[in-house]
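J.: Got a structure for you, written out below as structure tokens; questions coming shortly.
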Amino acid sequence: MSKSLISIQDFSKDEILHIIEIAKEFEANPVQDFLKGKIVASLFFEASTRTRLSFEAAIHRLGASVIGFSDVNNTSQSKGESLEDTIRIVSNYVDLIVMRHPQAGAANIAQSISHLPIINAGDGANQHPTQTLLDIYSIEKTQGRLDNLCINMVGDLKYGRTVHSLSQALSLFDNNFIFTSPKELQMPYEYKEFLEKKNKKYLESQNLQEHINDCDILYMTRIQQERFASPEEYNKVKDIYILEASMLKNAKDSMRILHPLPRVNEIAKDVDKCKQAYYFEQAGNGMYIRMAVIAYLLGYR
Ligand code: CP
């Protein structure tokens, strides 16, 4: 069976470091022809800007062609076709499938059906492993290391697939974690238990200002309206954390603010000019990491 990337746990620490090395190589020389003649499917059953476009740019930059869709209403799923049948059909046409789906576990289903490598581009509130790899690439580029860091994750830690994947990946290294969230959106028990079993230290806070000055990475996230059961539950917490430039007065010079984006209002625009702001460069790193993941799964060194 082909190797896929469904969960960040599908890659070992050595593989994560290897992907970073390939991404550096592609960033230095983004015009490649390693995948000339190959076709990659880009199946987006859920909205995306960065992930879809950086994947598709990555596919072109590797010399491959891309087919797919970004609006499920224009596919035969709108006539009742199942996810399983869609994956069976697409598997006849391409060499690798990238897919995003609103349902947790959808990428697993695709993997169980297809003989091709599958890359999970986000499945519901579950995992977003290529986001994690680009986050790790961004941390390594800005901090010069992946160990001995204090990582402060802020916002929707309950439904936030990016923080789930990232906390697992960073537990392969020696780091401390702060989880800043309202009680309703705390990091799920399974992820905290995962860290405890690996003797990794974490603490929980409900106060955004409390740990800004201690941390090396301030990982902001959006409160995701689309994951809440009711508008009332979302309205209770929607504006709970808004990072403003004035809150960074005593932050470390070397600290960097990451955010998977899109942002709504959790980072005020005045933060964009602060030296700690790195979220737009972070999104740019995504293309090189996605080139590296596709190339690696299709046999590049
Ligand atoms: N970070 C991220 O997944 O962004 P998109 O939803 O725009 O792809």
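J.: For the chain, give the percent of accessible area contributed by carbon and sulfur heavy atoms, probe 1.4 Å, rounded to a whole number.
T.: 47 percent
J.: Residue by residue through segment 96-108, which ³J(HN,Hα) values in whole Hz follow from phi under the Karplus form 6.51 cos²θ - 1.76 cosθ + 1.60 (θ = phi - 60°), with glycine and proline marked x?
T.: After applying 6.51 cos²θ - 1.76 cosθ + 1.60, I find 7, 10, 9, 9, 10, 8, x, 9, 4, x, 5, 5, 4 Hz.
J.: Give, as a single signed number, the net charge of other residues whose beta carbon lies under 12 Å from the beta carbon of LYS3, with Lys and Arg counted +1 and Asp and Glu -1. Present the calculation step by step, with values, prior to reporting the outcome.
T.: Numbers: positive: none; negative: ASP10, GLU15.
Once positives and negatives cancel, what remains is -2.
J.: To continue, here is another question. Among LEU116, ILE89, GLY284, whose Cα lies farthest out toward the positive end of the dipole of the chain, if unit charges sit on the beta carbon of Lys, Arg (+1) and Asp, Glu (-1)?
T.: GLY284
J.: Next question. If you consider only alpha-carbon coordinates, what radius of gyration and Dmax does segment 186-301 have, in Å?
T.: Radius of gyration, then largest Cα-Cα span, for segment 186-301: 17.1, 51 Å.
J.: Rank GLN103, ILE59, ILE139 by how far each Cα sits towards the positive end of the charge dipole of the chain (+1 on Lys, Arg Cβ; -1 on Asp, Glu Cβ) and give me just the farthest.
T.: It is ILE59.
J.: Right, here's the next one. Could you give P(r) for the chain, binned at 20 Å from zero, as whole percent values over all Cα-Cα pairs?
T.: P(r) for the chain, in whole percents per bin: 34, 58, 8.
J.: Taking the Cα centre of segment 96-229 as origin and charging only Cβ (+1 Lys, Arg; -1 Asp, Glu), how large is the dipole, in debye to the nearest 20?
T.: Numbers: 13 positive and 15 negative charges, 48 e Å.
Value, rounded to 20: 220 debye.
J.: Seen from all sides and averaged, what is the projected area of the convex hull of the Cα atoms in segment 1-76, in nm²?
T.: On the way: hull surface 26.4 nm².
For segment 1-76, the mean projected area of the Cα convex hull comes to 6.6 nm².
J.: All other residues with a Cβ under 10 Å from the Cβ of SER42 taken together, and with Lys, Arg as +1 and Asp, Glu as -1, what is their net charge?
T.: On the way: positive: ARG52, ARG100; negative: GLU56.
My count for the surroundings of SER42 gives +1.
J.: Now a separate question. Okay, helix-only estimate at 222 nm for the chain: each DSSP H run of n ≥ 4 adds -39500 (n - 2.57), divide by all residues, round to 500 deg cm²/dmol; what do you get? Working shown, then result.
T.: Details: 9 runs with 104 residues, N = 301.
It lands at -10500 deg cm²/dmol.
J.: Moving on to the next point. For segment 46-100 and segment 174-245, what is the separation of their C-alpha centers, rounded to whole Å?
T.: Their Cα centres are 32 Å away from one another.
J.: Calculate how steeply helix 279-297 sits against the longest principal axis of the alpha-carbon atoms of the chain, using the helix alpha-carbon long axis, and give the answer as 0 to 90 degrees to the nearest 10.
T.: With both axes taken from Cα atoms, the answer is about 40 degrees.
J.: Return the distance in nm (one decimal) between the two label points of a simple spin-label model at GLU281 and LYS236, each offset 7 Å from Cα along Cα→Cβ.
T.: The answer from the label model is 3.9 nm.
J.: Now for a separate question. First select every other residue whose beta carbon is under 12 angstrom from the beta carbon of ASP174; then total the charges, Lys and Arg +1, Asp and Glu -1.
T.: +4
J.: Sequence gap at least 6, Cα distance under 8 Å: using those rules, report the relative contact order of the chain to the nearest whole percent.
T.: The value is 20 percent.
J.: Next question, about the same structure. Using the heavy atoms of the protein chains and a 1.4 angstrom probe, tell me the accessible area per residue for segment 137-191 in square angstrom.
T.: That works out to 29 Å² per residue.
J.: Moving to a separate point now. Quick check: Cα centre of segment 280-301 to Cα centre of segment 110-170, how many Å?
T.: So the separation of the two Cα centres works out to 13 Å.
J.: Taking the dipole about the Cα centre of the chain, with the C-beta of Lys and Arg at +1 and of Asp and Glu at -1, give me whichever of SER76, ILE257, ASN207 is farthest to the positive side.
T.: Projecting each Cα onto the dipole axis, the largest value belongs to ILE257.
J.: I'd like the antiparallel share, as a percent to the nearest 5, of DSSP beta bridges with both residues in the chain.
T.: That works out to approximately 5 percent antiparallel.
J.: Counting DSSP beta bridges in segment 40-134, what percent are antiparallel, to the nearest 5?
T.: Around 5 percent antiparallel, to the nearest 5.
J.: Past 32 Å, Cα to Cα, is the threshold; run LYS38/LYS238; LYS38/LYS269; LYS24/LYS201; LYS3/LYS141 against it and keep the listed order.
T.: Result: LYS38/LYS238; LYS38/LYS269 exceed 32 Å.
The values are calculated or read from the model by the stated rules, or taken from the named source; none is laboratory data. From a predicted model like this one, the values you see are computed outputs, not experimental measurements. Glycine gets a Cβ as well: all are built from the backbone with ideal geometry, and neighbour counts include every protein chain shown. Note: accessible area is taken over every heavy atom of the protein model, side chains too, but ligands, DNA and RNA are not part of it. Shrake-Rupley method; radii C 1.70, N 1.55, O 1.52, S 1.80 Å.
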